[in-house]
Amino acid sequence: MKVSVVKNVLDANDRIAADNRELFDRNKVYVINLMSSPGAGKTSLVERTIMALRNKYKIGVIEGDIQDTYDADRIAKLNIPVVQINTGGACHIDGNMIREALPTFDLSKTDLLIVENVGNLVCPAEFKIGENVKIMLLSTPEGADKPAKYPLMFQESAALLINKIDLIPYVDFDLKKAKRDALSLHKDLKIFEVSCKTAAGLDAWTSWLTKRIDAFKK
Amino acid sequence: MHELYLAESILNIVQEYATLQHFSKVNSILLSFGRLSCIESKSLQFAFEVQAKNTSAENASLDFQILPAIIHCFSCEKDLEVETYSAICPKCGGEEVILTGGTEELQILEMDVD
Ligand SMILES: Nc1nc2c(ncn2[C@@H]2O[C@H](COP(=O)(O)OP(=O)(O)O)[C@@H](O)[C@H]2O)c(=O)[nH]1
Ligand SMILES: [Mg+2]
Ligand SMILES: [Zn+2]
């Protein structure tokens, strides 16, 4: 006997993500899901973003990156509430992991929650966590072929930060191709060229983000 | 890696339907996903076999309907199926293209059950 189903396999996760989203909405928490390959500069960007926005917003961080166990310590040093998620070796953060991490935060007193996802270009894009935006980081040493190889990630992201732009003279990175491929996957993708080392381009990123957060909070 | 999670999610959905529709054995499950969505059907099959032991879906086969990667080129105004994606039209070399299909997420379409 045939039984018609037609259901997304990740439906259960989507529902948990929607519950998280409801909770964030009630508390007016803007949530960023930050994704990239290992070492592209996620933690560095989180640090830079905290430094730029900490006087304006109450910020919390969830660390899911398994590559570097020091990430949560780096954030804690800045006196920012941070939880390290134990993904149990999983290649992504799912909605339930976020739900379990939330009791650590006083959501009513949080404006911005940054989730640093596991360093991986394949899986995290498929798993919603209840975020407002997915933000993707691509670093110049990784090469410009990434949008073509991992299209979903770029389609799902609201903004792409091309990081380590200071290394352009030393690495073989075709900036034009990366941007063209990324935009052809997602025509409204906002692209920033930044360096978390020199801070180049970061003002444009933080003011774009500020506009979004303020619009959300209104 | 996420194939483990996907296999578990498939089994949960099967279990839900088994309870609702009172079937005890699943013979096959038809799934679909876009060819660029980074799902390894072999790994998924393996993860599923392992986790389906002692459930109604033990020994059920997974069948895949893989949806093609399609680009639309604004220069030649055509839709073309491609193997791998690049923002250049393989026909005319035009750079104004968009991806219109190929990243569809994993879905269960139907099951064959007893
Ligand atoms: N040259 C250069 N190095 C960077 C930049 N951003 C981060 N890094 C370095 O790249 C390495 C990985 O950064 P990290 O933030 O830990 O990456 P994550 O694994 O994505 O969290 C560290 O050694 C950083 O100092 C950048 O813009 N330029
Ligand atoms: Mg990190
Ligand atoms: Zn063409």
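The values are calculated or read from the model by the stated rules, or taken from the named source; none is laboratory data. What you see is a predicted model; the values in this text were computed from it and never measured. Note that we place each Cβ from the backbone using ideal geometry, even for glycine, and neighbour counts take in every protein chain shown. Please note that ligands, DNA and RNA were not included when accessible areas were found on the heavy atoms of the full protein model with its side chains. Shrake-Rupley method; radii C 1.70, N 1.55, O 1.52, S 1.80 Å.
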Original post:
If we count every other residue with Cβ under 9 angstrom of A:Glu116's Cβ, Lys/Arg +1 and Asp/Glu -1, where does the sum land?
Top reply: -2
**OP:** Order these peptides, A:87-93, A:209-215, B:20-26, by their mean beta-carbon neighbour count within 10 angstrom, highest first.
**Re:** A:87-93, A:209-215, B:20-26
Original post:
Can you pull the mean other chain C-beta count within 10 Å for peptide B:95-108?
Top reply: 5
Subject >> Estimated FRET transfer efficiency when R0 is 35 angstrom, pair A:Ser108-B:Gln15 (beta carbons, to 0.05) >> reply: 0.40
Original post:
Roughly how crowded by other chains is peptide A:5-15, in terms of the mean Cβ count from those chains within 10 Å of each of its Cβ atoms?
Top reply: 6
Original post:
Could you state the number of Å between the C-alpha centres of the stretch B:10-54 and the stretch A:1-79?
Top reply: 28
Original post:
Taking chain B as a Gaussian network, Cα atoms linked when under 10 Å apart, which of B:Phe64, B:Phe74, B:Phe48 shows the biggest mean-square fluctuation?
Top reply: B:Phe74
Original post:
In nanometres, what is the gap between the two model label sites at A:Arg99 and B:Glu40, each 7 Å from Cα along Cα-to-Cβ?
Top reply: 2.9
**OP:** Tell me, rounded to the nearest percent, the portion of alpha carbon pairs in the protein assembly as shown spaced more than 37 Å apart.
**Re:** 23
Original post:
Per residue of B:84-90, how many C-beta atoms from partner chains lie within 10 Å of its own C-beta, taken as a mean?
Top reply: 5
Original post:
Using Cα-only point scatterers and the Debye equation, what is log10 of I(q)/I(0) for the stretch B:2-113 at each q in 0.11, 0.19, 0.23 Å⁻¹, rounded to two decimals?
Top reply: -0.46, -0.88, -1.15
Original post:
If the cut-off is a Cα-Cα distance under 16 Å, which lysines reach A:Lys56, setting aside same-chain residues fewer than 8 apart in sequence?
Top reply: A:Lys28, A:Lys109, A:Lys211, A:Lys217, A:Lys218
Original post:
Dipole of the stretch A:11-217, Cα-centred, from +1 at each Lys and Arg C-beta and -1 at each Asp and Glu C-beta, to the nearest 20 debye?
Top reply: 680
Original post:
With each run of n ≥ 4 DSSP H residues scored as -39500 (n - 2.57), what mean residue ellipticity at 222 nm is computed for chain A after dividing by its residue count and rounding to the nearest 500 deg cm²/dmol?
Top reply: -10500 deg cm²/dmol
**OP:** Find the accessible area per residue for the protein assembly as shown; the probe is 1.4 Å, ligands and nucleic acids are left out, and the unit is Å².
**Re:** 45
